[in-house]
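Scroll down for the structure; my scribbles are underneath it.
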Amino acid sequence: MIIRAEHLTKTFRTRRRGDGVMGTLTSLFSRAYDDKLAVRDVSFDLEPGELVGYIGPNGAGKSTTIKMLTGILVPTSGECSVNGIVPWQNRTQNGKQIGVVFGQRTQLYWDLPLKESFELLRAIYGIPADVYERNMAEFTKVLALDEFIRTPVRQLSLGQRMRGDFAAALLHNPPVVFLDEPTIGLDVVAKEAIREFIARTNRERGTTFILTTHDLNDVEKLCDRIIIIDHGQKLYDGRIEAIKRRYGRQRILVAEIDGFCADCEIPIPGVRKLSQAGARVSFEFDRERVSADELIVALAKQYELKDVTISEPELEAIIREIYLKGLGVDAPVAEALT
C-alpha cells in the first residue's frame, strides 16, 4: 500500500463565546468549549498507481482528510502513512515525496517568470540536474509551456498557470500527488488538456493521484474508483461502475420511428414512456428488469425504427441522490457496494 488510513478521526475544539461585549469578556475566563467532528473513523488503502476520486459535499471532511495525509493536521485519533512515512511526524520527508495542485492557490512565485519558479523548486527539492532537465523537456512538450515559460506568473492566464502548477508539482517525481479542484474555472479546452495530462502521468509514470473535486466529469473521465465522504464519514469506497449499477438502474432509450405513430407504447414491465414528439419517442427502463436488447427487439416488432440511442445515468445525478438520501437501509456499510 502506498497510502493507508486507519480509523482517522479529527475533532476541532473551539472556545464557546457569548454575544456582545460581556459575552466576549466572559469567554476569557470560561472553560466551555464546542467540539466539531470533522472526520469520523475513516479508513481506506491505496495501491501504487491508483487514481482515486475523493468526493463529498462542502463541509464533508475532504480537505481535513487531505491535510492529515499531507501532515498539515494531526488526527485526534487513528493512523495513516504515505509511502511508509507518518505525515505529521516527518513533515519534511513527506513533503519531498508528495506533489500538490490546488485550483485556487499556486505554489509558483507570483512576480517571477515561470522558468525561475521551476529553478527555485529545483533547489528546494534538491532535484538532480539530469532529472530536472529530463522532466522539464517532457513537461514543456506535453503541456506546451514554451509560449509562456519566460512570462511572470502574475501575467499568466488561469489555464497557463494551472499547466505551470502541474509541472511544478511533478518536477521532483513524487510517487503521490494530491489534486484539489485542479480544473476549477478552466474552459473546456483547458480542462481536457489537464485531464489528458493527469491520465498520461498516471499511466506512464505510475503516479498515484487523489482527486478531490465537485466537477464529477473530472471524476468520471479519470477515475475507476471513488471514495464518497459526507458529514465526516465514509459512505462508499468502490468502483464507479458498481455504484452506477446499484443506483443508476434507470436508463433512457430514444427511438425514432419511421412513419406515423399516434401513441407509441411498449407493454413491458419495467418500461415507461417518458415523452413523444412526433416520431421521436423516449422510454425509461429498469436495466435490472429488462435489457436494452429486449426493448429494441420489442420496438422493432411493432414499429419501423430509423434510429435508436441509449443513455446511461449520469454520475452527478446518482451522487446527488446519495448526498440527499444516503445509501439506503440495505447498504449500511461503506464497502457494501464494492
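The values are calculated or read from the model by the stated rules, or taken from the named source; none is laboratory data. Keep in mind the model is a prediction, meaning the values are calculated, not measured. Cβ: placed from backbone, ideal geometry, glycine included. Neighbour counts: every protein chain shown. Keep in mind that these areas ignore ligands, DNA and RNA; they rest on the heavy atoms of the full protein, side chains included. Shrake-Rupley method; radii C 1.70, N 1.55, O 1.52, S 1.80 Å.
Structural remarks
- Given (1) open to solvent by 10 Å² or more (accessible area, probe 1.4 Å); (2) modelled with pLDDT under 95; (3) under 21 Å from ILE66 (Cα atoms), index of the condition ASN202 fails: (2)
- Among residues of segment 98-127 being free of Cβ contacts under 8 Å to residues at least 12 places away in the same chain and outside any loop (DSSP other than H, G, I, E, B), the one that is nearest to LYS67 (Cα to Cα) is ILE124.
- Flag if ILE198 is within 14 Å of the chain's Cα centre (by Cα) and over 27 Å from PRO113 (Cβ atoms): no
- Residue check for PRO113: surrounded by fewer than 19 Cβ atoms within 10 Å (Cβ to Cβ), in contact with a Leu (Cβ under 7 Å, 6 or more places away or on another chain) and farther than 29 Å from GLU47 by Cα: no
- In segment 278-314, the residues that are modelled with pLDDT of 85 or more, surrounded by 15 or more Cβ atoms within 10 Å (Cβ to Cβ) and in a loop (DSSP other than H, G, I, E, B): VAL290, TYR303
- Where VAL176 falls short, out of the listed (1) at negative phi; (2) of a type outside the set (D, E, K, R); (3) out of contact with any strand residue (DSSP E or B) (no Cβ under 8 Å at 6 or more places or on another chain): (3)
- Residues that are basic (Lys, Arg) and closer than 21 Å to LEU179 by Cβ within segment 92-144 comprise LYS96, ARG105, listed in sequence order.
- Those residues of segment 142-196 which are over 23 Å from LYS221 (Cα atoms) and either charged (D, E, K, R) or open to solvent by 50 Å² or more (accessible area, probe 1.4 Å) (or both), in sequence order: ASP146, GLU147, ARG150, ARG154, GLN155, SER157, ASN173
- Flag if GLU220 is open to solvent by 20 Å² or more (accessible area, probe 1.4 Å), within 25 Å of GLY95 (Cβ to Cβ), part of a helix (DSSP H, G or I) and not hydrophobic (A, V, I, L, M, F, W, C): no
- Residue that is modelled with pLDDT of 95 or more and not in a helix (DSSP H, G or I), where the choices are PRO174, PRO182: PRO174
- When segment 116-134 is limited to residues that are open to solvent by less than 70 Å² (accessible area, probe 1.4 Å) and in contact with a helix residue (DSSP H, G or I) (Cβ under 7 Å, 6 or more places away or on another chain), the one that is farthest from ILE194 (Cα to Cα) turns out to be TYR125.
Conditions (1) in a strand (DSSP E or B); (2) open to solvent by 40 Å² or more (accessible area, probe 1.4 Å); (3) out of contact with any strand residue (DSSP E or B) (no Cβ under 7 Å at 6 or more places or on another chain), marked per residue:
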{"site": "ILE243", "(1), (2), (3)": "no, no, no"}
{"site": "ARG246", "(1), (2), (3)": "no, yes, yes"}
{"site": "ARG251", "(1), (2), (3)": "yes, yes, no"}
{"site": "VAL254", "(1), (2), (3)": "yes, no, no"}
{"site": "GLY259", "(1), (2), (3)": "no, yes, yes"}
{"site": "ASP263", "(1), (2), (3)": "no, yes, yes"}
{"site": "ARG272", "(1), (2), (3)": "yes, yes, no"}
{"site": "GLN276", "(1), (2), (3)": "yes, yes, yes"}
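- Single residue of THR212, THR207 found to be touching an Asp or Glu at 6+ places or on another chain (Cβ under 6 Å), surrounded by 19 or more Cβ atoms within 10 Å (Cβ to Cβ) and under 30 Å from ILE149 (Cβ atoms): THR212
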